[in-house]
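Accompanying notes for the structure given below.
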Amino acid sequence: MSRRSRSAGSTPPPGAARCTITVCRGCCCGSAKIPGLDHAAQLRGLRQALDGVAAVRATDCLDACEQANVIVVQPSPAGRAAGGRPVWLGLVNDLDATADITAWVEGGGPGLADPPDILDLYTFTPSRRIRGRLEG
């Protein structure tokens, strides 16, 4: 993850290229296999909180089931130019983690803002084959 900072509270101007948040909702993510989390509310909350800031999309299985629920934060073009790369977050099974992701993306996301330190606990590196499904 990039450790470059961006001024707090700044968001992309309307129409600017934004981060993309991909929320896995395949075979394990978003299912009853992960009890105690309202999966629909998690996705709805991300969409509402990041409306106008980032594109939030749900996708079928990303094949990282052992990490369910998986959320991938892809940098904006500016973040990519600053060295940001997609960040895979697993075991995102509580609303506090979702709020930490939201705050980071509001600050610019990969390449433009430091993520909250707690997100280091959720970060994982999937195999090249799995990454290719999303990034290809």
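A short reminder: the numbers here are calculations on the coordinates, not readings from a lab. Remember, it's a predicted structure, so these values are computed and weren't measured experimentally.
Summary of values
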quantity: Estimated 222 nm signal from helices in the chain, with DSSP H stretches of n ≥ 4 weighted -39500 (n - 2.57), rounded to 500; calculated: -7500 deg cm²/dmol
quantity: Degrees separating the helix 39-49 axis from the principal Cα axis of the chain, which is the longest one; calculated: 10 degrees
quantity: Whole-number percent relative contact order across the chain, with pairs defined as alpha carbons under 8 Å at least 6 apart; calculated: 33 percent
quantity: Residue-by-residue Karplus 3J(HN,Hα) for the stretch 83-96, coefficients 6.51, -1.76, 1.60, Hz, glycine and proline x; calculated: x, x, 10, x, 10, 8, 10, x, 6, 7, 10, 8, 6, 5
quantity: Label corresponding to log10 I(q)/I(0) by the Debye sum over Cα atoms at q = 0.11, 0.15, 0.16, 0.17 Å⁻¹ when calculated from the structure given, among (1) -0.43, -0.76, -0.86, -0.95; (2) -0.38, -0.73, -0.84, -0.95; (3) -0.35, -0.66, -0.75, -0.85; calculated: (3)
